[in-house]
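Note sheet for the following structure.
The values are calculated or read from the model by the stated rules, or taken from the named source; none is laboratory data. These numbers come from a predicted model, not from an experiment. Methodologically, a virtual Cβ is constructed for each residue, glycine included, from the backbone with ideal geometry; neighbour enumeration extends over all protein chains shown. Keep in mind that these areas ignore ligands, DNA and RNA; they rest on the heavy atoms of the full protein, side chains included. Shrake-Rupley method; radii C 1.70, N 1.55, O 1.52, S 1.80 Å.
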Amino acid sequence: MPQAKPPNVLLFFTDDQRFDTIRALGNSAVSTPNIDRLVARGTTFTHAHIPCGTHGAICMPSRAMLHTGRSLFHLHDSGSSIPDEHTMLGEALRSQGYRTWGTGKWHNGRASFNRGFAEGDEIMFGGMADHWNVPVYHYDPSGAYDTRLAYIPNPPAFGNNEIHWRECDHIHSGRHSSEILCDAAVDYIGRQDGSVPFFAYVSLLAPHDPRTMPERFRTMYSPEEVSLPPNFLGAHPFDNGGLRIRDELLAEFPRTPEEIRRHIAEYYAMISHLDHEFGRVLDALDERGLTDNTLIVLAGDNGLAVGQHGLMGKQNCYEHSVRVPLIFAGPGVPQGRRSDAYVYLFDIFATLCELTGTPRPSTVGGESLVGAMNDSNERVRDTLYFAYISSQRAVKNRTHKLIEYAVRDRRRQTQLFNLQNDPWETHNLAEAPGSADIVANLRNELLRYRDDWEAGYTGRGSSYWTRYG
């Protein structure tokens, strides 16, 4: 029998999309028809997480973990650049004959991009941009990416201290970032004939702020009709070590219901717009007859509070910030399945290795999720670990989460939540009768993770926790 062709891989990565922003997964307030069709065609991991981050820009280490399959603290200096000794996903697939192509946000060093991708277009090196004035590069095979400085009038959400000059080789003024990047993906897919497998990485800037979108998507959501989440607060109840960073300054203090409803409406509008653009990429696969032999992954780099717990950003260990969407579809992936296995984004690398028949590099530390796709009893992990720079550490099991805070290098607060009875994390049980043993057991698990994950780590966020316990 002739050997089956290796499947193509399309990895669609969103920026700041929370786990509960997909209609097919239970949020009837948001419209996501194209992500919904992927949910129907594939397997969704409803408890996918990031380990938070060792940098205020959570997306930076998150993306490094995605492309290396390595866990937090096992990356060089928060993932700002990816060391040569860490094999990247694109490198592994290229070694098996894949064409590798990338577009969009890349926050992990220019040399790293060219290690991972042999082709690309509309590449943005950096963390965020005005969606209507995107500073991007065409692919440079030399990796030099010669620059010119372009003046871009920043919207108010960027703050007064943001640099107005951006490095790039061209700017798209008046076109939205999601359209630019999906146009590039549609064009790339349109040039494929199926003879050589490809890996296409489409890394959107949306729904990251500044949340602006075409008018027809903005008018889909009326702030007056938006419901506030049950854990909405005017302010976080104590100093968590990150209350004055850029993300938290996007709304006034105290947060008001009216302002948070507006932010949520704009957040949903951004997601509906990116969903529309994602649908065009899926349609391009259909038109080229490539869908049946393409593995499609949709994931997000981190979650976002948008008013929950009195917070706006993702620099925390609450569920809204550490849980992300993760959907697989295509050859070898069961259709219409949902798994509540405990997984991390850095498991994507090992999973794609198994699904494509690619040897797994020795530097990859994640777990393949193929077993969990096919066996509803496969849990992958029983506990998960989270860390935000030097101020927060957390651990959760199937019933409870413990969060410990050490602000300015001193232990300040402990939170314990019953995730089964209180999924919105509104009732702190740390001092409640009957909680002492739960707290003690979770602290022991936190120490075990610390000794495993943080041993030898000397980068940002390590000082207090090397002495903790």
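Applying the condition of being without any contact (Cβ under 8 Å) to a residue 40 or more places away in the chain, in a loop (DSSP other than H, G, I, E, B) and under 21 Å from the mean Cα position of the chain (by Cα) to the range 343-378 and asking which residue is surrounded by the fewest Cβ atoms within 10 Å (Cβ to Cβ) yields Ser368. For the range 334-341, state whether one or more residues are in contact (Cβ under 8 Å) with a residue 12 or more places away in the chain and crowded, with 23+ Cβ neighbours inside 10 Å. Looking through the range 334-341, at least one residue is in contact (Cβ under 8 Å) with a residue 12 or more places away in the chain and crowded, with 23+ Cβ neighbours inside 10 Å.
Given the criterion farther than 24 Å from Phe238 by Cα, surrounded by 12 or more Cβ atoms within 10 Å (Cβ to Cβ) and at pLDDT below 95, identify the matching residue among Glu454, Glu445.
Working: Glu445 fails: at pLDDT below 95.
Unique residue meeting the criteria: Glu454.
Yes or no: the range 61-68 includes at least one residue that is touching a helix residue (DSSP H, G or I) at 6+ places or on another chain (Cβ under 6 Å) and not aliphatic (A, V, I, L, M). Yes: the range 61-68 contains one or more residues that are touching a helix residue (DSSP H, G or I) at 6+ places or on another chain (Cβ under 6 Å) and not aliphatic (A, V, I, L, M). Could you tell me whether the range 350-363 includes any residue that is of a type outside the set (Val, Ile, Thr) and modelled with pLDDT under 95? Taking every residue of the range 350-363 in turn, none turns out to be of a type outside the set (Val, Ile, Thr) and modelled with pLDDT under 95. Return the residue satisfying two criteria in turn: it lies in the range 457-469 and is surrounded by fewer than 17 Cβ atoms within 10 Å (Cβ to Cβ) and out of contact with any Ser or Thr (no Cβ under 8 Å at 6 or more places or on another chain), and of such residues it is farthest from Asn397 (Cα to Cα). Taking the candidates together, the pick is Thr458. Could you check the range 214-252 and list, in sequence order, the residues that are of a type in the set (A, V, I, L, M, F, W, C) and not in a helix (DSSP H, G or I)? Of everything in the range 214-252, those that are of a type in the set (A, V, I, L, M, F, W, C) and not in a helix (DSSP H, G or I) turn out to be Met220, Val226, Leu228, Phe232, Leu233, Ala235, Phe238, Leu243, Ile245, Ala251. For Glu404, are the conditions met, namely being open to solvent by less than 10 Å² (accessible area, probe 1.4 Å), within 30 Å of Thr426 (Cα to Cα) and modelled with pLDDT of 95 or more? Judged against the criteria, Glu404 is a match. The numbered conditions (1) open to solvent by 10 Å² or more (accessible area, probe 1.4 Å); (2) assigned to a helix (DSSP H, G or I) are all true for Thr426 except (2). In the range 317-332, of all residues being open to solvent by less than 10 Å² (accessible area, probe 1.4 Å) and more than 14 Å from Trp424 (Cα to Cα), the one that is nearest to the chain's Cα centre (by Cα) corresponds to Val324. Quick check on Ser390: is it within 30 Å of Arg408 (Cβ to Cβ) and either in a helix (DSSP H, G or I) or open to solvent by 10 Å² or more (accessible area, probe 1.4 Å) (or both)? It is true that Ser390 is within 30 Å of Arg408 (Cβ to Cβ) and either in a helix (DSSP H, G or I) or open to solvent by 10 Å² or more (accessible area, probe 1.4 Å) (or both).
Here the range 119-133 is the region considered, the condition is being in contact with a Lys or Arg (Cβ under 8 Å, 6 or more places away or on another chain), open to solvent by less than 20 Å² (accessible area, probe 1.4 Å) and modelled with pLDDT of 90 or more, and the residue that is nearest to Pro210 (Cα to Cα) is Ala129. Just one residue in the set Arg280, Arg255, Arg211 is within 22 Å of the chain's Cα centre (by Cα) and in a loop (DSSP other than H, G, I, E, B); that residue is Arg211. Could you tell me whether the range 315-327 includes any residue that is in a helix (DSSP H, G or I), closer than 18 Å to Gly69 by Cβ and in contact with a Ser or Thr (Cβ under 9 Å, 6 or more places away or on another chain)? No. For the range 163-207, the set of residues classified as assigned to a strand (DSSP E or B), among the hydroxyl-bearing types (Ser, Thr, Tyr) and surrounded by 20 or more Cβ atoms within 10 Å (Cβ to Cβ) consists of Tyr201, Ser203, listed by residue number. Beta carbons closer than 6 Å, at least 6 apart along the sequence or on distinct chains, pair a first residue in the range 38-62 that is under 20 Å from Ile22 (Cα atoms) with a second that is among the hydrophobic types (A, V, I, L, M, F, W, C) and part of a helix (DSSP H, G or I) for Val39/Ala24; Thr43/Met373; His49/Val322; Ile50/Val322; Ile50/Leu345.
From the list Arg218, Arg261, Arg280, Arg244, which one is basic (Lys, Arg), farther than 15 Å from Ala29 by Cβ, surrounded by 13 or more Cβ atoms within 10 Å (Cβ to Cβ) and out of contact with any Cys (no Cβ under 6 Å at 6 or more places or on another chain)? Break it down into steps so the answer makes sense when it comes.
Working: Arg261 fails: farther than 15 Å from Ala29 by Cβ; Arg280 fails: out of contact with any Cys (no Cβ under 6 Å at 6 or more places or on another chain); Arg244 fails: surrounded by 13 or more Cβ atoms within 10 Å (Cβ to Cβ).
Of the residues listed, the single one that is basic (Lys, Arg), farther than 15 Å from Ala29 by Cβ, surrounded by 13 or more Cβ atoms within 10 Å (Cβ to Cβ) and out of contact with any Cys (no Cβ under 6 Å at 6 or more places or on another chain) is Arg218.
Annotation note: Cβ proximity below 6 Å between a residue of the range 394-409 that is assigned to a loop (DSSP other than H, G, I, E, B) and among the aromatic types (Phe, Trp, Tyr) and a residue that is at pLDDT 95 or above and surrounded by 17 or more Cβ atoms within 10 Å (Cβ to Cβ) (sequence gap 6+ or interchain) occurs for no pair.
Does at least one position in the range 262-274 carry a residue that is modelled with pLDDT of 95 or more and under 30 Å from Asp193 (Cβ atoms)? Yes, that holds for at least one residue.
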